[in-house]
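Reading through the structure tokens given below for one structure.
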Amino acid sequence: MRAETTLASQIVEAIQVVVGKNPVVLHEPRFAGNELLYLKECLDTTYVSSVGKFVEHFEVELAAYTGAKHAVAVINGTAALHIALKLAGVGLDDEVLVPSLTFVATANAVTYCGAIPHFVDCEERTLGIDPQALHDYLLDESEIRNGQCVNRNTGRVIRAVVPVHTFGHPVDIDRLLSVAQDFHIAVVEDAAESLGSTVSGRHTGTFGVTAALSFNGNKTITTGGGGAILTNDPELSRRAKHLTTTAKMRHRWEYSHDEIGYNYRMPNINAAIGCAQLEQLPSFLEAKRRLFQRYQTEFAEVKKLRIVVEPEGCRSNYWLQTLLLDESVASQRDTILDSTNDMGLVTRPTWTLMHRLVPYRKYPRMELSVAESLVRRLINLPSSAHLTMVGAS
Ligand SMILES: *Cc1c(COP(=O)(O)O)cnc(C)c1O
């Protein structure tokens, strides 16, 4: 090894050993199954919109795959989160605990309910909410009044907590559930990134009262745009369907709506793609695990960083592969991003923390030192399943 070999050049080399020297994007979908066949059926039968057999089929298959009792397909993951929160009882002037380290949709969905996101810290082991830190914080800052958790500083009810299974790695859900139970707070899982990820064999998104999945173009499977609400509660599932179909009452001809609903149902053409994608999910997950293992082997040789591994007892879908730099080399992050992107290897830093975004600066938050550190050190690597799929280009 040459003396002047920099960390950035070692990283470029390691990525190239795994993915080759041609340009690669961060994440792209793969359509190698029945997508065209199912789409053609939609067009031939004219069922392209929110009525059609693929929507129901997709919901049944999603429920079967995740083990959730019910799945309700909607237009995107953000809409799924919005309704999942509403069903958990989140309303005007409630506070909802949200990790600062997340995609903006998590916080946005809270504000769509008229509620206030309250930002909490993560732990490095899972990249998700730190249950112990949350417990200590709530002990100091909240009290139980009439069976509800009230923020002592604002006087508002803390109604729910939204764990995010970041990049597909499950949060420490068992301990988080117990903290939530102790403080009378509902759990709504943001499982947008974690289709295929499990905790002790149980699928993420089946632990909370409700959960949201996303099938955006960059997720593990895609429907173009799409999402789903998961729940084990038949009444909440019925409410989810009702609210997402403009709250229209069943009648042969009357247009009667018994509350203000939403036009959030997933169209049949999106669900058709979803059905075909779900059939390929097991092969995508195998490919992503293989990709992780190859990166792990290559990066074992590189000092001052590590590749993020699924938490113990969990199985991650490895949606986005992630490097974590040591704090001592965090200042080289942008040089590394430049070098890799210059070579056509698309790498990305993670999101801007929510409490640093203009619309969210004014909201309550706890000390966020772990999230701040993770953002300085985190780099997502090219992660498409097709990179390690046999017969894929
Ligand atoms: C993708 C994503 C969403 C939102 O999903 P869309 O389908 O893009 O609306 C929500 N939360 C997280 C953490 C996500 O990654």
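Worth pointing out:
- Check on GLU59, modelled with pLDDT of 95 or more, buried (at least 21 other Cβ atoms within 10 Å of the Cβ) and either in the same structural domain as THR154 (by TED's automatic domain parsing) or part of a helix (DSSP H, G or I) (or both): yes
- Some residue of the range 245-262 being among the basic types (Lys, Arg), open to solvent by less than 40 Å² (accessible area, probe 1.4 Å) and in the same structural domain as LEU43 (by TED's automatic domain parsing): no
- Exclusive hit being buried (at least 24 other Cβ atoms within 10 Å of the Cβ) and either within 23 Å of ILE129 (Cα to Cα) or of a type in the set (Val, Ile, Thr) (or both), set ALA272, ALA191, ALA240: ALA191
- All positions within the range 87-110 that are more than 10 Å from the ligand (Cβ to nearest atom), of a type outside the set (A, V, I, L, M, F, W, C) and farther than 15 Å from VAL157 by Cα: SER100
- Of the candidates VAL171, VAL187, the single residue that is in the same structural domain as VAL74 (by TED's automatic domain parsing), within 16 Å of the ligand (Cβ to nearest atom) and in a loop (DSSP other than H, G, I, E, B) is VAL171.
- All positions within the range 290-328 that are out of contact with any strand residue (DSSP E or B) (no Cβ under 7 Å at 6 or more places or on another chain) and open to solvent by less than 40 Å² (accessible area, probe 1.4 Å): VAL302, PRO311, SER316, ASN317, TYR318, TRP319
- Only listed residue being in contact with a Leu (Cβ under 9 Å, 6 or more places away or on another chain) and either outside the structural domain of VAL209 (by TED's automatic domain parsing) or not hydroxyl-bearing (Ser, Thr, Tyr) (or both), chosen from VAL98, VAL12: VAL12
- Check on ALA84, in contact with a Ser or Thr (Cβ under 6 Å, 6 or more places away or on another chain), at pLDDT 95 or above and either open to solvent by 40 Å² or more (accessible area, probe 1.4 Å) or assigned to a helix (DSSP H, G or I) (or both): yes
- ILE158 vs. criteria among the aliphatic types (A, V, I, L, M), in contact (Cβ under 8 Å) with a residue 60 or more places away in the chain and open to solvent by 10 Å² or more (accessible area, probe 1.4 Å): no
- Being charged (D, E, K, R), within 15 Å of ALA160 (Cα to Cα) and either in contact (Cβ under 8 Å) with a residue 24 or more places away in the chain or in contact with a His (Cβ under 8 Å, 6 or more places away or on another chain) (or both) is a property that holds for ASP93.
- Every test in (1) open to solvent by 80 Å² or more (accessible area, probe 1.4 Å); (2) at pLDDT 95 or above; (3) not small (Gly, Ala, Ser) is passed by VAL390 save one, and that test is (2).
- Out of THR340, THR352, THR322, sole residue that is among the hydroxyl-bearing types (Ser, Thr, Tyr) and assigned to a loop (DSSP other than H, G, I, E, B): THR352
The values are calculated or read from the model by the stated rules, or taken from the named source; none is laboratory data. Note that this is a predicted model, so its numbers are computed, not measured. Every residue, glycine as well, gets a Cβ built from its backbone with ideal geometry; the counts of neighbours run over all protein chains shown. Keep in mind that these areas ignore ligands, DNA and RNA; they rest on the heavy atoms of the full protein, side chains included. Shrake-Rupley method; radii C 1.70, N 1.55, O 1.52, S 1.80 Å.
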